[in-house]
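Here's the structure, in structure tokens; my notes come after.
What follows is calculated from the coordinates using simple rules that are stated; it is not laboratory data. None of these values were measured; they are calculated from a predicted model. Because the Cβ atoms are built from the backbone with ideal geometry, glycine has one as well, and the counts that use them run over all protein chains shown.
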Amino acid sequence: MNRFDYIRPTTVAEAVAAAAMPGSAYLAAGTNLLDLMKGGVVRPARLVDVSRLPGLDGIESLPDGGLRIGARVRNAELAHDPDFSRRFPAVAEALLSGASAQLRNAATVGGNLLQRTRCAYFYDPASACNKRDPGAGCDARGGENRLHAVLGWSEHCIATHPSDFCVPLVALDAVVEIEGPAGRREVALEEFHRLPGETPERESVLSPGELVVALRLPAEAARFAPHARYVKLRERTSYAFAVVSAAAALRIEDGVIAEARLSLGGVALKPWRARAAEAALSGARPDAASFRRAAEAALEGARPSGDNAFKIELARRIAARALALAAAGTPERLPALPASPLAPGAVLHG
Ligand code: SF4
């Protein structure tokens, strides 16, 4: 048993002051952190419980047409919010494809952003892991690595980011609101997570004591609602992390793609915005040839980090499929298997 202090602040300012002390960790739903503590993977000296902090649990329409989501909003609550799922259907689809119903009822928006990789060696304190123990090495290199990264990885870490939620959010230019010892700041979600480089232990741009207080979606993101989908390929139908996933959002005018958004999950240590693919789609016709070209551009520079070369072609196919489903139109109701390539309308051998 590792001893730790437990603090339950009543304001954001108190929480930030408490968590600025070395060895602190924020506790929200604890769906990831408590497992890590029980497994001896992390050993915080102090838990700062933010699960009851006031002011972080609202879903609020902004005067400029954007939406602000408090960090304590539960995944299920957000996905089932009618206004949210109507305006941002791909995000709702991604949320409902993640974890299990029980976990979605507990897990928070802020915690989803900050969940740790599911690399099995990270969760096993007997294995060498640069992320858990900087400088120790990486047992995933040369180990069981078929689900590891094909983009943005380094010799020091080949893990992937596990979130579904973050993938469409990155495509839709979500912004993270952060409160910390130096005050409030905002970071584009695309810049929030870090690639491993030489410091895989540093997973986000957060400094000690900084707390995610909200996420914002800009008004423009809702313009993609008629043509927005998330597609997730996993090894079983539910309660599994993505082997690869893709979020696609299109604005189609007069039979031509006026604007495209595309991002990938399960391929890198951060949700991967495919800007070259988006540029390739601008002005193109929404057809299979355009989507295949975009998928090629999305995986440009991809290389296997181990026994996972198959993920590169798989990711191309999932990207093309997400684009085709988005072009076909957002369904009136979410499919029975959210984000599944087997959902109605999917082209199984495109
Ligand atoms: Fe650790 Fe990253 Fe290597 Fe996994 S891939 S063992 S998380 S350093």
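Given +1 at the Cβ of Lys and Arg, -1 at the Cβ of Asp and Glu and no other charges, the dipole of the chain around its Cα centre is 580 debye to the nearest 20. If I take R0 = 30 Å and measure r between the Cβ atoms of R118 and Y6 in this structure, what FRET efficiency does the formula 1/(1 + (r/R0)^6) give, to the nearest 0.05? That gives a FRET efficiency of 0.65. Within straight-line reach of K38, meaning a Cα separation under 30 Å, sit the following lysines at least 8 residues removed in sequence or on another chain: K131, K232, K270. Backbone N atoms of the range 207-247 closer than 13 Å to the 7 Å Cα→Cβ label point of E60 belong to residues 213-217. Under the convention that each Lys and Arg Cβ holds +1 and each Asp and Glu Cβ holds -1, the size of the dipole of the range 186-269 around its Cα centre is about 440 debye.
Positive-end ranking of G301, L281, G266 along the dipole of the range 224-328, with charges on Cβ about the Cα centre, is headed by G266. Each of I257, A240, A324 was scored by the projection of its Cα onto the charge dipole of the range 224-328, and the greatest displacement toward the positive side belongs to A240; charges sit on the C-beta of Lys, Arg, Asp and Glu. Each semi-axis of the equivalent ellipsoid for the range 1-53 is √(5λ) with λ an eigenvalue of the Cα gyration tensor; in descending order they amount to 19, 12, 8 Å. Counting Lys and Arg as +1 and Asp and Glu as -1 over every other residue whose Cβ lies under 11 Å from the Cβ of F4, the net charge comes to +2.
For the range 222-350, the convex hull drawn through the C-alpha positions has a volume of 108 cubic angstrom per residue.
Enumerate the residues in the range 1-29 having an amide nitrogen under 19 Å from the point lying 7 Å beyond the Cα of A45 toward its Cβ. Once the point is set 7 Å along Cα→Cβ of A45, 1-9, 15-27 turn out to lie under 19 Å by backbone N, inside the range 1-29.
Which of T330, T11 has the fewest other C-beta atoms within 10 Å, and how do the rest follow up to the most? Please list the in-between numbers first.
Working: T330 19, T11 11.
Going from sparsest to densest Cβ surroundings: T11, T330.
Identify which of L299, L169, L34 has the largest mean-square fluctuation in a Gaussian network model of the chain, with springs joining Cα atoms closer than 10 Å. Fluctuation is largest for L34.
Taking the number of other C-beta atoms within 10 Å as the exposure measure, put Y123, Y26, Y230, Y6 in order starting with the fewest.
Working: Y123 17, Y26 26, Y230 32, Y6 9.
So the residues, fewest neighbours to most, are Y6, Y123, Y26, Y230.
Exposed loop sites here mean GluC sites (Glu not before Pro) with a DSSP loop assignment and at most 13 other beta-carbon atoms within 10 Å; the chain contains its longest site-free run at 1-143.
Given the convex hull of the Cα atoms of the range 1-130, what is a quarter of its surface area in nm²? It would help to have the intermediate numbers written out before the result.
Values: hull surface 38.6 nm².
In nm², the orientation-averaged hull projection of the range 1-130 is 9.7.
For V213, the residues 5 or more places off, or on other chains, whose built amide H falls under 5 Å of its own are E177, I178, E179. Placing unit charges on the Cβ atoms only, positive for Lys and Arg and negative for Asp and Glu, gives the range 1-53 a dipole magnitude near 120 debye about its Cα centre.
Ignoring everything except DSSP H segments at least 4 long, calculate the 222 nm mean residue ellipticity for the chain; use -39,500 (n - 2.57) per segment, divide by total residues, nearest 500.
Working: 12 runs with 92 residues, N = 350.
-7000 deg cm²/dmol, from helical runs alone.
Calculated translational diffusion coefficient of the range 285-340 (20 °C, 1.002 mPa s; Stokes-Einstein with Kirkwood radius over alpha-carbon pairs) equals 170 µm²/s. Figure legend: label point modelled 7 angstrom from the Cα of L337 along Cα→Cβ; residues of the range 72-105 with amide N under 18 Å from it are 93-101. Among the chymotrypsin sites (Phe, Trp or Tyr not before Pro) within the range 232-308, those in coil by DSSP and having at most 13 neighbouring Cβ atoms inside 10 Å are Y239. Of the residues G180, G137, S207, the one whose Cα sits farthest toward the positive end of the charge dipole of the range 51-209, with +1 on the Cβ of Lys and Arg and -1 on the Cβ of Asp and Glu, is G137. Here is the list for the range 156-230: trypsin sites (Lys or Arg not before Pro) lying in DSSP coil, each with at most 14 other C-beta atoms within 10 angstrom of its C-beta, are R202.
R0 = 35 Å: FRET efficiency of E198 with H80, Cβ-based, nearest 0.05?
Details: r = 42 Å, r/R0 = 1.19.
It comes out at approximately 0.25.
Note on the chain: Rg/Rh from Cα positions, Kirkwood definition for Rh, rounded to two decimals, is 0.96.
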